[in-house]
Amino acid sequence: MLGDMPKKRVAIFGSTGSIGTQALEVIKANKELFEVEILTAHTNDELLIAQSLEFLPNAVVVVDEGKYEKVKSALSSTAIKVFAGELALEETASFDTYDVMIAGIVGFAGLKPTLKAVEKGKIIALANKETLVVAGDIVMQKALENKAPIIPVDSEHSAIFQCLVGESRNPIERIILTASGGPFLGKKPNFLVNVKRDHALQHPNWSMGAKISIDSATLMNKGLEMIEAKWLFNLNPSQIEVVIHPQSVIHSIVQFEDGSMKAQMGYPDMKLPIQYAIGFPNRLKNDFPRFDFKKYPSMNFEEPDYKTFRNLGLAIEALKAGGNMACVLNAANEIAVWAFLKNRIGFLDITAVVEKTIEAVSFIKHPTLQDYFDSDAEARNFAASLIKL
Ligand code: NAD
Ligand code: MG
């Protein structure tokens, strides 16, 4: 029955990343339902070329203009249109020829193309949480105006979204986002002060891109997810809680006004939320391993250690303050994480950079889109000056 429907044409922004490559695996397993229309990459020309030759999209973008000639010539025997540069992301995002954007670019760079897709009324399978962290009010408003459904890919938000199906008449009392706690769960500052990039990149349960792996280790990821949840589900900060759940099999929980709680469970594997988002409202058959309770004789839940992982508290401050503060927090964090990945600053310095930057950049209560771009630039410059980049 599903096979009788026209294929959904999918644009994967950030196709060479962790989300992007897993999205292509999902599409490959469901070729009768999806076809690839656009692929984009930042610098990884070789993977972009290989993906393009396999999936034959209509158009590809390589953001790094120095890679254009190589991609163009490698695809010269095909009809694939090749574009380069940042602006090409926005131009292709505006194409009429696709139905669903998988927003899989990492960081602030994902905002502009995702906004274009929203303005075009596309279905957005949203992995790029920074889009909502930076400009959630504007993105959600435009989504409403243009009837662009935003379906979360982030596993916690996908869990909540799934729990809310059929509940549109029932207000949410609170949501509880689960957090694995990352590789340094239980550690204290005297340990964290010496941790290095390779250790921080080793997430216990999920295999992800570098930036989100560091964010998981500092708990900034959970803070960004609280802000993402506020916009996706229209919640007040007081309705959003976090619990540490080291096994990462309960992906998040919604509690309704009768006290009943619904949770969504499964192995930690992003292919499921990706498949759910692009297949929605249908659940597609797959051969992913089925959950085995015998492998999980106990599940644990505990309070986050706010004293040690101070990024979470800073993100909650930004969540409560509103305005441009989350945008500033995000920009400072992107710079600090990048510097940590380059071994330029220590693990605990990430928090120091974020904290000083949110204190320094002027607060704007009701920012315009341009204010968000300006705040992002100002925060990046300030954070970079702290690190002496
Ligand atoms: P990644 O680093 O593995 O991949 C990022 C992708 O974005 C790559 O294709 C890269 O080419 C592209 N990119 C990077 N910088 C760019 C720029 N300046 N301009 C254009 N393209 C650029 O990242 P990821 O782990 O796949 O994460 C992608 C997004 O999904 C992030 O926002 C992350 O928070 C979110 N997310 C990821 C996971 C996961 O399991 N990986 C889970 C939940 C949410
Ligand atoms: Mg998540």
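Only the coordinates and a few stated rules stand behind these numbers; no lab work does. Computed from a predicted model, the values in this text were never measured in an experiment. Please note: Cβ atoms are built from the backbone with ideal geometry, for glycine as well, and neighbour counts cover all protein chains shown.
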Out of Glu35, Glu90, Glu46, I need the residue that is part of a helix (DSSP H, G or I) and touching a residue at least 12 places away in the same chain (Cβ under 8 Å). Which one?
Glu90
For the stretch 167-184, how many residues meet the condition of being within 22 Å of the chain's Cα centre (by Cα) and either on the phi < 0 side of the Ramachandran plot or without any contact (Cβ under 8 Å) to a residue 60 or more places away in the chain (or both)?
10
Any idea which of Leu224, Leu177 is under 23 Å from Ala336 (Cβ atoms), in contact with a strand residue (DSSP E or B) (Cβ under 7 Å, 6 or more places away or on another chain) and within 16 Å of ligand 2 (Cβ to nearest atom)?
Leu177
Scope the stretch 137-163; condition of a type outside the set (S, T, N, Q), more than 16 Å from ligand 2 (Cβ to nearest atom) and within 23 Å of Asn324 (Cα to Cα); matching residues
Asp137, Ile138, Val139, Met140, Lys142, Ala143, Leu144, Glu145
Considering the stretch 8-32 alone, what residues qualify as being part of a loop (DSSP other than H, G, I, E, B), under 17 Å from Tyr98 (Cα atoms) and either free of Cβ contacts under 8 Å to residues at least 40 places away in the same chain or among the hydroxyl-bearing types (Ser, Thr, Tyr) (or both)?
Ser15, Lys31, Glu32
Qualifying residue in the stretch 180-199 (condition: within 14 Å of ligand 2 (Cβ to nearest atom) and surrounded by fewer than 24 Cβ atoms within 10 Å (Cβ to Cβ)):
yes
Taking the residues in the stretch 93-113 that are assigned to a helix (DSSP H, G or I) and more than 10 Å from ligand 1 (Cβ to nearest atom) as candidates, determine which candidate is nearest to Glu130 (Cα to Cα).
Leu111
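Okay, residues lined up against (1) closer than 27 Å to Met270 by Cα; (2) surrounded by 18 or more Cβ atoms within 10 Å (Cβ to Cβ):
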{"site": "Asn58", "(1), (2)": "yes, yes"}
{"site": "Val62", "(1), (2)": "yes, yes"}
{"site": "Val71", "(1), (2)": "no, yes"}
{"site": "Thr78", "(1), (2)": "no, no"}
{"site": "Val82", "(1), (2)": "no, yes"}
{"site": "Lys116", "(1), (2)": "yes, yes"}
